[in-house]
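Below you'll find the structure, written out as structure tokens, and then a few comments.
None of the figures in this text is laboratory data; all of them are computed from the coordinates on show. In this text the structure is predicted, and so the values were computed from the model without any measurement. FYI the Cβ positions are ideal-geometry reconstructions off the backbone, even for glycines, and counts take in every protein chain you see.
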Amino acid sequence: MTSRGWAVGRPGPADGRPLVRVDRPLPRPGPGQIRVAVQVCGVCRTDLHLAEGDLEPRRPLVVPGHEVVGTVDDLGEGCNRFALGDRVGIAWLARSCGRCRYCVAGKENLCADPCFTGWDRDGGYAEHALADEEFAYRLPEELDDVHAAPLLCAGIIGYRALRRANLPPGGRLGIYGFGASAHITAQIAIAQGAAVHVLTRSAEARELALDLGAASVAGAYDAPPEPLDAAILFAPVGTLVPPALAALDRGGTLAIAGIHMTDIPPLDYDRHLFEERSVCSVTANTRQDGVELLEIASRLHVRVSTVTYELDRAGDALADLAGDRVTGAAVLVNG
């Protein structure tokens, strides 16, 4: 038997179709691994960075995709967390070493020897994918496949970014860029009592933000209507860092959520950093981040806006994401 899918051929612009079709032997799970029959896979901006060459592929012809939802259809030796037929999710962090000082301190997102789904290991742009059993997620029954998939990276990273931004209770949060991750994060912040100000170039995204309860919307480089206690930059655009920092009130924090970003221009210390303004990055996630986010999304009935594509149209999904033609999250559906 075989498993068909898409791999990154020669990285380049998404409109040039850097993905190539692959037809490979059905993967066999090793000890502690499960094989998942993929039902859906979210299309993340990290996949776009990989396909376009912003992230160097870790190996030739890797299959991208790390927002995977499917059912267990084979078990490796020693597996006992899941049974055949169980519905599971596979996320970006495929494995951590468990031995380095970061893992020992509960910071496995900073592991010195990690493995990532869809970068080191073949991901979900295929009919089947392997996962370490201990790094797969049980999915709440309230979340259907299509709407659960974006939570597995966009949701988890947004949740971690919100925590890193140190938003005080009832605070004022600025969100720069409003795609898959941002529209999930905004709902969590609003449910926690925050006033959320969305700054994005997309008119459709501004409309969605207002529909979800944002206090205001504006262009990406505009000033929000009030000083911010915290801000999250989701757009991978370095020139947005100075205006986001300038919008912070005293003691505010800017969390940068992307895995890749264009160059950041010089900062003016007095305007951008003085009065204890801070800037921090967000790197991967811990498994606990994922467990907490899935519980919160289920409990709050977080609304995930999706655009679906058949698996055969994976290249179209990436091209639409690159061209800002996706409002919310793109999701590949197998079959």
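Amide H neighbours of Ser3 under 5 Å, counting only residues 5+ apart in sequence or on other chains, H built in-plane at 1.01 Å?
Here the answer is Arg24, Leu26, since their amide H atoms fall under 5 Å of that of Ser3.
Given the DSSP H assignment, sum -39500 (n - 2.57) over each helix run of at least 4 residues in the chain and divide by its residue total; what's the result at 222 nm in deg cm²/dmol, nearest 500?
Here the helix-only value at 222 nm equals -6500 deg cm²/dmol.
How big is the charge dipole of the stretch 1-70 about its Cα centre, in debye rounded to the nearest 20, if each Lys and Arg gets +1 on its Cβ and each Asp and Glu gets -1 on its Cβ?
Using Cβ point charges on Lys, Arg, Asp and Glu, the stretch 1-70 gives about 360 debye.
Rank-order 82-92, 223-233 by packing density, defined as the average count of other C-beta atoms within 10 Å over each peptide's residues, highest first.
Ranked from most to least packed, the peptides come out as 223-233, 82-92.
Excluding Ala37 itself, what net charge comes from residues whose Cβ is under 15 Å from its Cβ, given Lys and Arg +1 and Asp and Glu -1?
Surrounding charge for Ala37 is -1.
Separation between the Ala191 and His260 pseudo-spin-labels, each 7 Å from Cα along Cα→Cβ, expressed in nm?
In this crude label model, Ala191 to His260 measures out at 3.2 nm.
Let me know the charge dipole size of the stretch 156-281 about its Cα centre in debye, to the nearest 20, where only the beta-carbon of Lys, Arg (+1) and Asp, Glu (-1) is charged.
320
Normalised by the number of residues in the stretch 156-281, what is the relative contact order in percent for Cα pairs under 8 Å and 6+ residues apart?
Relative contact order, the stretch 156-281: 25 percent.
Using Cα-Cα distances under 8 Å and only pairs 6 or more residues apart, what relative contact order does the chain have, in percent?
About 19 percent, as a whole number.
Between Arg10 and Arg163, 0.36 nm times their residue separation minus their Cα-Cα distance comes to what?
This chain segment gains 51.4 nm when fully extended.
Report Rg(Cα)/(2.2 N^0.38 Å) for the stretch 156-281, keeping two decimals.
Rounded to two decimals, the normalised Rg is 0.93.
What net charge is computed for the residues neighbouring Val217, neighbours being all others with C-beta under 12 Å from the C-beta of Val217, Lys and Arg scored +1, Asp and Glu -1?
After counting each charged neighbour, the total is -2.
Non-local amide H neighbours of Ala329 (under 5 Å, H modeled in plane, Pro and chain starts lacking H): which ones?
Long-range HN contacts for Ala329: Ser305, Thr306, Val307.
Which of the listed residues, Ala83, Ala189, Cys115, is farthest toward the dipole's positive end in the chain, when Lys, Arg count +1 and Asp, Glu count -1 at the beta-carbon?
So the residue we want is Cys115.
Under a Cβ-Cβ cut-off of 14 Å, what is the net charge of the residues other than Trp92 that fall near it, where Lys and Arg count +1 and Asp and Glu count -1?
-1
Just want the answer: with Cβ charges of +1 for Lys and Arg and -1 for Asp and Glu, which residue in Cys280, Ala297, Gly251 is farthest toward the dipole's positive end in the stretch 238-335?
Projecting each Cα onto the dipole axis, the largest value belongs to Ala297.
Calculate how steeply helix 287-300 sits against the longest principal axis of the alpha-carbon atoms of the chain, using the helix alpha-carbon long axis, and give the answer as 0 to 90 degrees to the nearest 10.
For 287-300 against the chain, the angle is about 70 degrees.
Relative contact order for the stretch 54-194: what percent, with Cα pairs under 8 Å and sequence separation of 6 or more?
25
Just order 44-50, 255-261, 272-278 by mean Cβ neighbour count inside 10 Å, highest at the front, would you?
44-50, 255-261, 272-278
Highest first, please rank the peptides 27-36, 204-213 by the mean number of other Cβ atoms sitting within 10 Å of their residues.
27-36, 204-213
Collect residues whose amide H, placed 1.01 Å from N in the peptide plane, falls under 5 Å from the amide H of Asp249; neighbours closer than 5 in sequence don't count.
Result for Asp249 returns Leu228, Asp229.
Could you tell me which of Gly219, Gly177, Val63 has its Cα farthest along the dipole of the chain towards the positive end, charges placed at Cβ (Lys, Arg +1; Asp, Glu -1), taken about the Cα centre?
The listed residue farthest towards the positive side: Val63.
For the stretch 12-27 and the stretch 307-325, write down the distance between their C-alpha centroids in whole Å.
Rounded to whole Å, the Cα centres lie 13 Å apart.
Distances longer than 13 Å among the Cα atoms of the stretch 77-129: what percent of all pairs is that?
Of all Cα-Cα pairs in the stretch 77-129, 66 percent lie more than 13 Å apart.
Explain nothing, just the number: dipole magnitude of the chain about its Cα centre with +1 on each Lys and Arg Cβ and -1 on each Asp and Glu Cβ, in debye rounded to the nearest 20.
That gives a dipole near 520 debye.
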